[in-house]
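The values are calculated or read from the model by the stated rules, or taken from the named source; none is laboratory data. The structure presented is a predicted model; accordingly, all values stated were derived computationally and were not measured. Counting neighbours? That spans all protein chains shown, and the Cβs are built from the backbone with ideal geometry, glycine included.
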Amino acid sequence: MCYDSRVYACPCREYSGAGNQITEEQFMAEKDTVMETEEKEVVSKNFIEQEIDKDLASGVYNHVQTRFPPEPNGYLHIGHAKSILLNYGLAQKYGGKFNLRFDDTNPTKEKTEFVESIIEDVKWLGADFEDRLFFASNYFEQMYECAVLLIKKGKAFVCDLSADEIKQYRGDYNTPGKESPYRNRSIEENLQLFEEMKEGKYQDGAKVLRAKIDMASPNINMRDPVIYRVARMSHHNTGDKWCIYPMYDFAHPIEDAIENITHSICTLEFEDHRPLYDWVVKECGFENPPRQIEFAKLYLTNVVTGKRYIKKLVEDKIVDGWDDPRLVSIAALRRRGYTPEAIRMFVDLVGVSKANSSVDYAMLEYCIREDLKLKKARMMAVLDPVKLVIDNYPEGQVEELEIPNNLENPELGSRLVPFSREVYIEREDFMEEPPRKYFRMFPGNEVRLMGAYFVKCTGCEKDENGNVTVV
């Protein structure tokens, strides 16, 4: 190998473990906010913003208040980041407020560890909830009063059917439900039984409180859903004060109404639950009730996002905790070096949609590269080295070459890299018999070494197995 004294002053090939880039056109094709030029304003809004505009214009609401309501039963993942940033972004855009509320109505799965990790993640992403940190468990008394109100209105009853029997009586999409034999208990009896449930006179599963709606409804969620159950378990926030707990579909709309949430932004799996959401806030007598709007979840290709799946990986010790860098929990991404700015960019590029779809993982990698390219120094690495010997370079001589840390940002300075007769290149950067349009190193070809000289390949050496060892 011979060298030429011309100095190479632009990047050739730097190592990056971030995978293949995909074009901006591919990203923007799925984005629902259309931008004509950088100078022009947004000419269309996502469908949630359009609905909020209508509500404000018609006087349904005079402000906007959103919330992120995680259940503290695991660590947050990249999908939660979309919900956090969407809800926070809407509040910011309309000059409103954003709440962080823990939906901690199920004591069987919730831990203080998860509460602390979620608070850290939300703050790290830049979603400022100020002093609006709430717990659903702080509303247990109000939820209990709402349940009593429904009983007094003849809209709820205590049922003795088992969970399996309730499921059987409910029917399916092709078969109407069958009324519980306990559905027509008197208001007085229901009030007494519910009070006894609260006092701990019944074991888990012995009795439940059900809403009395419509067992013939085509929406199975409206077929007398369970709204309270007995659960003799200590709660992370309220301790042993309660032995009955509200079900999510009953608690969630009440929480939103208590906090004066205007727009309850949920993922698509709650679309069929919206009629029950509206029924609860109406029958409980809340004025200016919140409105539920659904959007599509974020699905990433080739990664595990579901909390129950990640939990199993953690419990089976397949991964090293919830922040294992191989996961896409927010804690794991932070540990890997992802920045809040990169995740915000990713969520913005994904946009808001009504239809579920998958996003290629390369898009997330693209965002971290874009965010870091002007912020951090770029370093070279050779993962599969092959020795390169420069025949006409003086033996024993070592010189230091000044290499810019980031060609696109001179403020990051430079570093000195030693250069000598023997250096190493990536194995895939050399081919003895290259295909067409191969522009790296091969016999007779001239290339430039990054930050150094032009060199011309004069041949190579191989071992007994035919593997190239020296160029």
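Only one of these is in contact (Cβ under 8 Å) with a residue 40 or more places away in the chain, touching a helix residue (DSSP H, G or I) at 6+ places or on another chain (Cβ under 7 Å), within 30 Å of Thr469 (Cβ to Cβ) and surrounded by 17 or more Cβ atoms within 10 Å (Cβ to Cβ): Val350, Val386. Name it. Let's see the steps before the verdict.
Numbers: Val350 fails: within 30 Å of Thr469 (Cβ to Cβ).
Criteria check complete, one pass: Val386.
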Review point. Looking at (1) out of contact with any helix residue (DSSP H, G or I) (no Cβ under 7 Å at 6 or more places or on another chain); (2) surrounded by 12 or more Cβ atoms within 10 Å (Cβ to Cβ); (3) modelled with pLDDT under 90, which is the one condition that is false for Pro443?
Key: (3)
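Within region 271-378, which helices (runs of 4 or more DSSP H) (wholly inside it) include 2 or more residues that are under 30 Å from Glu408 (Cα atoms)?
Values: elements: 274-283, 307-315, 330-336, 340-350, 361-372.
The helices (runs of 4 or more DSSP H) meeting that bar are 330-336, 340-350, 361-372.
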Review point. Can you name the condition, by its number, that Arg436 falls short on among (1) surrounded by 15 or more Cβ atoms within 10 Å (Cβ to Cβ); (2) basic (Lys, Arg); (3) farther than 29 Å from Arg369 by Cα; (4) within 46 Å of the chain's Cα centre (by Cα)?
Key: (1)
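Test Ser162 against the criterion of being under 34 Å from the mean Cα position of the chain (by Cα) and among the hydroxyl-bearing types (Ser, Thr, Tyr), and give yes or no. Step through it out loud before you land on a result.
Details: under 34 Å from the mean Cα position of the chain (by Cα): no; among the hydroxyl-bearing types (Ser, Thr, Tyr): yes.
It is false that Ser162 is under 34 Å from the mean Cα position of the chain (by Cα) and among the hydroxyl-bearing types (Ser, Thr, Tyr).
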Check your understanding: Quick one: Glu179 ticks every box in (1) in contact (Cβ under 8 Å) with a residue 40 or more places away in the chain; (2) over 37 Å from the mean Cα position of the chain (by Cα); (3) under 19 Å from Lys241 (Cα atoms) bar one, so which box is it?
Key -> (3)
Practice item. Could you give me the residue pairs with C-beta distances under 6 Å whose first residue belongs to region 446-471 and is touching a residue at least 60 places away in the same chain (Cβ under 8 Å), whose second residue is among the acidic types (Asp, Glu) and exposed (fewer than 15 other Cβ atoms within 10 Å of the Cβ) wherever it lies, and which are 6+ apart or on separate chains? Key: Tyr453/Asp4; Phe454/Asp4; Phe454/Glu446; Lys456/Glu446; Thr469/Glu461; Thr469/Asp463; Val470/Glu461
Review point. Quick one: is Ile403 in contact with a strand residue (DSSP E or B) (Cβ under 6 Å, 6 or more places away or on another chain), modelled with pLDDT of 95 or more and either exposed (fewer than 11 other Cβ atoms within 10 Å of the Cβ) or among the β-branched types (Val, Ile, Thr) (or both)?
Key: no
Check your understanding: Quick check: anything in region 262-269 within 19 Å of Gln142 (Cβ to Cβ) and in a strand (DSSP E or B)?
Key -> yes
